[in-house]
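Q: Pasting a structure here, questions to come.
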Amino acid sequence: MSGNAANRLLTTFRLYQKTHLPIILSGGKVYPDSGLEAEIGKRQLTALGVPANKIITETKSITTKTNAENTKKVMKAYRFKRPILITSAFHLPRAVLLFQNEGVRVTPYPTDYLESRPVALYPGQFVPASGGTAFTALKEYIGMFASRF
């Protein structure tokens with residue numbers, strides 16, 4: 001794992017060290033050349049010392065919407081009531097909305113903040129690039145808009 005996913009996983013590990021609460025990892029095979037995100041995360045967490053029996057994996061989700069739907073099912077099976085939702089700060093508003101749409105009240109726990117820097121304007125900044133801040137913001141705002149319908 002790298003980037004946003006690695007930051008979320010490290011935050012999950014740090015929170016686990018403080019609380020020892022069970023962990024639900026939700027994520028399937030999002031890209032054709034990747035593995036099951038939840039299983040990869042579980043391997044990383046167990047390597048860091050989290051007992052495997054404290055980690056529940058849900059490997060069918062490929063979108064935040066399906067993360068919410070499938071996590072709700074896991075919660076029902078384990079009789080969990082109110083999860084702590086760890087995700088990137090830029091993604092948290094949409095993720096909370098999607099969980100609310102499923103009737104799941106979460107405690108938001110943001111991580112992976114984007115840094116603030118002085119703004120330098122040039123033409124390339126106005127073209128969204130995959131992985132860039134403008135692309136990320138556009139994806140999240142479109143996702144929030146779509147989540148309301």
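Q: On the basis of being of a type in the set (Val, Ile, Thr), surrounded by 19 or more Cβ atoms within 10 Å (Cβ to Cβ) and in contact (Cβ under 8 Å) with a residue 24 or more places away in the chain, does Ile62 make the cut?
A: Taking the combined requirement at face value, the residue does not satisfy it.
Q: Which ones in segment 1-51 are assigned to a helix (DSSP H, G or I) and of a type in the set (Ser, Thr, Tyr)?
A: Thr11, Thr12, Tyr16, Thr19, Thr46
Q: If Thr57 satisfies every condition in (1) assigned to a helix (DSSP H, G or I); (2) surrounded by 12 or more Cβ atoms within 10 Å (Cβ to Cβ) but one, which is the exception?
A: Only one criterion is unmet by Thr57, namely (1).
Q: Tell me which residues, restricted to segment 1-53, are loosely packed, with under 14 Cβ neighbours inside 10 Å, within 26 Å of Thr136 (Cα to Cα) and modelled with pLDDT of 95 or more.
A: Arg14
Q: Among the numbered conditions (1) more than 23 Å from Leu138 (Cβ to Cβ); (2) surrounded by fewer than 20 Cβ atoms within 10 Å (Cβ to Cβ); (3) touching a Phe, Trp or Tyr at 6+ places or on another chain (Cβ under 7 Å), tell me where Ala89 comes up short.
A: (1)
Q: Regarding Ala68, is this residue crowded, with 16+ Cβ neighbours inside 10 Å, in contact (Cβ under 8 Å) with a residue 24 or more places away in the chain and not in a strand (DSSP E or B)?
A: yes
Q: Would you mention how many residues in segment 71-86 are part of a loop (DSSP other than H, G, I, E, B) and buried (at least 16 other Cβ atoms within 10 Å of the Cβ)?
A: Count: 2.
Q: Got at least one residue in segment 99-113 being in contact with a Leu (Cβ under 7 Å, 6 or more places away or on another chain), at pLDDT below 90 and not charged (D, E, K, R)?
A: no
Q: For segment 73-82, does any single residue satisfy the condition of being under 19 Å from the mean Cα position of the chain (by Cα) and hydroxyl-bearing (Ser, Thr, Tyr)?
A: The answer is no; no qualifying residue exists.
The values are calculated or read from the model by the stated rules, or taken from the named source; none is laboratory data. It should be emphasised that the depicted structure is a prediction, and the values quoted were computed from it without experimental measurement. Neighbour counts run over all protein chains shown; Cβ positions are idealised from the backbone, glycine included.
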